[in-house]
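A short worksheet on the structure shown next.
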Amino acid sequence: VQHSPQKHLRDRLIRILLLVLVGFVATTSIASYCTREIRSQSFEQRLDEVPARIVARMSLEEKVGQLIHIGMVGKRPAGGVINNISKYRVGGVIHFAANFGTADEIRVLNNGLQQHSIATTGIPLLISTDQEGGRVYRVGADGVEQFPGAMALGQTGNELYAEDVGFITGYRLRNLGINFVLAPVVDVNNNPDNPVINTRSPGSDPELVSRIGVAYVRGMHDSLAIPVIKHFPGHGDTDVDSHLALPRINRTLAQLESTELKPFRAAIQDGGAEVVMSAHILFPALDTENPATLSPYILKELLRKQLHFDGIIISDAMEMDAISKRYSYAEAAVRAFQAGIDIILLTGEGPYIDQIYSSLLSAFQTGRLPIADLNRAVERQVELKLTSGLFHKWKAPFIEDPRVIPDVLAAANHFQQKEQNARNHLAAIERRYTEKGTNLNIQVSRDSITSLRKPFHGIEPDTRTHAVLLSSQSIMRAEARSMSISTERLLWKSNSNDIYALLRTRQKGQIWLVELSTYSDLQIWNRAISRINANAELSSKGAIIGLYSGNPFMEITIPTNGAVLASYSTTEESRKALVYRALSGHYVKQADLMLPD
C-alpha cells in the first residue's frame, strides 16, 4: 500500500508533537517536584531561624521565666498556677495523678493552661507528666492504655513492641494536651539493691536497654509527643533513693562508658532524643563535689561534647532531698544553670518559685550568668515548641507575624500533614494487632512473662481440672475462670503459718497458682515455701506456681516442685497475663535478667 507524501509529513508532525508533549509533561513534573523540594528546604531553613527571632523579641524577665517549669494544685486551671504563669511567664507545667480527673477534664485543664499562657506570654507551654507504664503512671486507663513498664518491655526483647507502646502512649497523651512525656527510663539496672529504678529500667544489659530505649523514643517521636530520656548519666547502680538522700556511684568513666552511657548515646545518636533529664547523683570519678545536675563537667563536657547532645537538658525535680537538703533553692537554681541545665523542674507552686526566679534574674542582671547562655537555653525550648507544632496548634501570635515566620501557610500545611501521618500510624498499629485477634497491650503483657531462675513450660490443657488459683485479685480470678480452672480467694496473713497450712493441704497431682502482689506477700511466700521445700513429702504432693508482679531482684524462694513467673508490672493486663501464661501450655522463657554477681 502506498501513502502520499502529505500523509508521511502529517505522521511525522504528529510524532514530533507527541515527543514535545511528553517532554513538556516530564519537565513540568520534575520542575514541580524540585520546586516542592526547594520550598520544603526553604521552609525548614526559615523554621530554623525562627527561635532566635522570637527570643530577640522577649524581655529579660520573660526569658528567665521560660527556664522554670512548675507544678500545680488541683484539677482546674485556676488559683496558684494561673498566677504563677502570669507572674513568672514559666515555660511549662508538670502534672501528677492528683491533677487528673476524666479524660475530658484533663483536656479542659490543659486547654485552659495553654490559653492563659498564650494570652500572657504569647508562647505555649510544655505540659509534662511521668507516664512510664507499669508502676509509674499518672493518667489512668480512661485516658491512656495502661501498658506494662520498661522491664516488661525489655523481657519481650521486641523492639517493635517498644516502638508501638511509645507511639500510642505519646499519641494518647497529646490528645489530652500533654506534649512533654518524662519517659523512657534508659538507666541500666545493674544493682539488685536499687530501691527506686528496678522495674522502671528495661533491664541489666546495656545493649538491650539501648535497643528498647531507641525504639521507644522513635515511636514517641512519630506520635508528635516529646520524649525525655532519663536519668543522665545513669541511676541504675544506686542503693539510695535520690528523693530521700544524695546517692553516690563509684564508677570510673571507662566503666560508665561500657554500661550506663551506652543507652544515652544510642538514644541521642540513633533515636534522635531531643531532651535529657539529669540525675541528682554524685559521681566522684567525674566530679568530686557536685551531683550531676550541678556538674559542669558531666553536663557540658560529657553530655554536650562527648555525646554530641545539643538538645534540652532538664533537671530532675529540684525539691528532691538530694538537692533541697544540701542547697538553698536560689543557689541550686543558679548552679544548675551554670552547669548546663536549660529547664529547672519544680513539682509544686510554693514560695520557692519566687526564690528561684529572683535569683536567676539577679544573676543575669549582674553578669554572674551570661545572657548569651540564657538566649541559647530559651532558643532550644522555643525551637522544640515550634518544631513539635505547639505554636501553630495554639495560634501563638508570633506565627502571624511575617517577619518571624514568612510563610505561615507552608508551616500550617507542614504540621497538618504531620498530624495526618500520626493518625495513619495509629490506625496501622491497631490494624496490625486486630488482624491477629488481640491488641498491643495483651501481646506485650503476655510476651513479657518470664520464669525466674529455672524454665517452666506452662500447664498443659489436660491438667487444668487439677489446677486452682489462690488470689486476692478479682481480675486474675476472672481470667482463670475464663480458662476453666477453679479459684479461691486468698487473704494473706501477717505470718506464714496460715499460708503454709493451706499449701500443705493440696493433693498429689494438683497444681496451685498463688498470686504474689506485694513485698509483704513475697516475705510470707518465702517462709512458707522454704518449709515446703524442706519436707520431701510436702514438696512432692503437687506443683506450686507463684505469680509475681513485683521487683524480680528481691530474694525469691522457688518451689522445688514448681516455679515463679514474673510480670515486672502490676497493670491489669500484666496480672491477667501471669494467669494466661501459667495455663496456656506455651513455653515460658528462662530469665535473662543478668543479675550482677
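The values are calculated or read from the model by the stated rules, or taken from the named source; none is laboratory data. The structure presented is a predicted model; accordingly, all values stated were derived computationally and were not measured. Positions of Cβ are generated from backbone atoms using ideal geometry, with glycine treated the same way; all protein chains shown enter the neighbour counts. Please note that ligands, DNA and RNA were not included when accessible areas were found on the heavy atoms of the full protein model with its side chains. Shrake-Rupley method; radii C 1.70, N 1.55, O 1.52, S 1.80 Å.
Taking the condition assigned to a helix (DSSP H, G or I) and not aliphatic (A, V, I, L, M), does Glu515 pass?
Values: assigned to a helix (DSSP H, G or I): no; not aliphatic (A, V, I, L, M): yes.
Spelling it out, it is not the case that Glu515 is assigned to a helix (DSSP H, G or I) and not aliphatic (A, V, I, L, M).
Please go through the stretch 304-323 and pick out each residue that is open to solvent by less than 30 Å² (accessible area, probe 1.4 Å) and not in a loop (DSSP other than H, G, I, E, B). Ile312, Ile313, Ile314, Ala322, Ile323 - these are the residues of the stretch 304-323 that are open to solvent by less than 30 Å² (accessible area, probe 1.4 Å) and not in a loop (DSSP other than H, G, I, E, B).
For (1) open to solvent by 20 Å² or more (accessible area, probe 1.4 Å); (2) part of a helix (DSSP H, G or I); (3) touching a residue at least 12 places away in the same chain (Cβ under 8 Å), each residue gets a yes or a no:
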residue	(1), (2), (3)
Ser484	yes, no, yes
Ala528	no, yes, yes
Glu537	yes, yes, no
Gly546	no, no, yes
Pro552	no, no, yes
Glu555	yes, no, yes
Ala563	no, no, yes
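Go through the stretch 49-82 and report how many residues are over 28 Å from Arg107 (Cα atoms) and in a loop (DSSP other than H, G, I, E, B).
From the stretch 49-82, those over 28 Å from Arg107 (Cα atoms) are 49-50, 52-53, 55-61; that's our starting set.
With in a loop (DSSP other than H, G, I, E, B) added as a condition, the list becomes 57-59.
Qualifying residue count for the region: 3.
When residues in the stretch 114-131 are screened for being in a loop (DSSP other than H, G, I, E, B) and surrounded by 22 or more Cβ atoms within 10 Å (Cβ to Cβ), 4 of them pass.
Specify which of the listed residues (Glu159, Glu163) is open to solvent by 30 Å² or more (accessible area, probe 1.4 Å) and out of contact with any Asp or Glu (no Cβ under 9 Å at 6 or more places or on another chain). Break it down into steps so the answer makes sense when it comes.
Details: Glu163 fails: out of contact with any Asp or Glu (no Cβ under 9 Å at 6 or more places or on another chain).
Result: Glu159 is the single residue among Glu159, Glu163 that is open to solvent by 30 Å² or more (accessible area, probe 1.4 Å) and out of contact with any Asp or Glu (no Cβ under 9 Å at 6 or more places or on another chain).
Just give me the residues in the stretch 93-113 being buried (at least 23 other Cβ atoms within 10 Å of the Cβ) and not in a helix (DSSP H, G or I), in sequence order. The answer is Val93, Ile94, His95.
Give the stretch 529-540 a look and list any residue that's within 14 Å of Trp512 (Cα to Cα) and of a type in the set (A, V, I, L, M), or say none.
Residues satisfying the conditions are Ile529, Ile532, Leu538.
Selection of first residues in the stretch 416-441 that are closer than 15 Å to Asn175 by Cβ and of second residues that are in a helix (DSSP H, G or I), restricted to Cβ pairs under 6 Å at least 6 apart or on distinct chains, gives the following pairs, ordered by first then second residue: His425/Asp222; Leu426/Tyr171; Ile429/Asp164.
Among the residues of the stretch 566-595, those identified as surrounded by fewer than 24 Cβ atoms within 10 Å (Cβ to Cβ), outside any loop (DSSP other than H, G, I, E, B) and modelled with pLDDT under 95 are Tyr580, Val588, Gln590.
Among the residues of the stretch 283-303, those that are surrounded by fewer than 24 Cβ atoms within 10 Å (Cβ to Cβ) and either among the polar types (S, T, N, Q) or under 22 Å from the mean Cα position of the chain (by Cα) (or both) comprise Thr288, Asn290.
Name the residue, out of Pro233, Pro263, Pro227, that is in contact with a helix residue (DSSP H, G or I) (Cβ under 9 Å, 6 or more places away or on another chain), buried (at least 24 other Cβ atoms within 10 Å of the Cβ), within 18 Å of Phe147 (Cβ to Cβ) and modelled with pLDDT of 95 or more. Don't jump to the end; show me each part of the working.
Values: Pro233 fails: within 18 Å of Phe147 (Cβ to Cβ); Pro263 fails: within 18 Å of Phe147 (Cβ to Cβ).
Selected residue: Pro227, the only one of Pro233, Pro263, Pro227 that is in contact with a helix residue (DSSP H, G or I) (Cβ under 9 Å, 6 or more places away or on another chain), buried (at least 24 other Cβ atoms within 10 Å of the Cβ), within 18 Å of Phe147 (Cβ to Cβ) and modelled with pLDDT of 95 or more.
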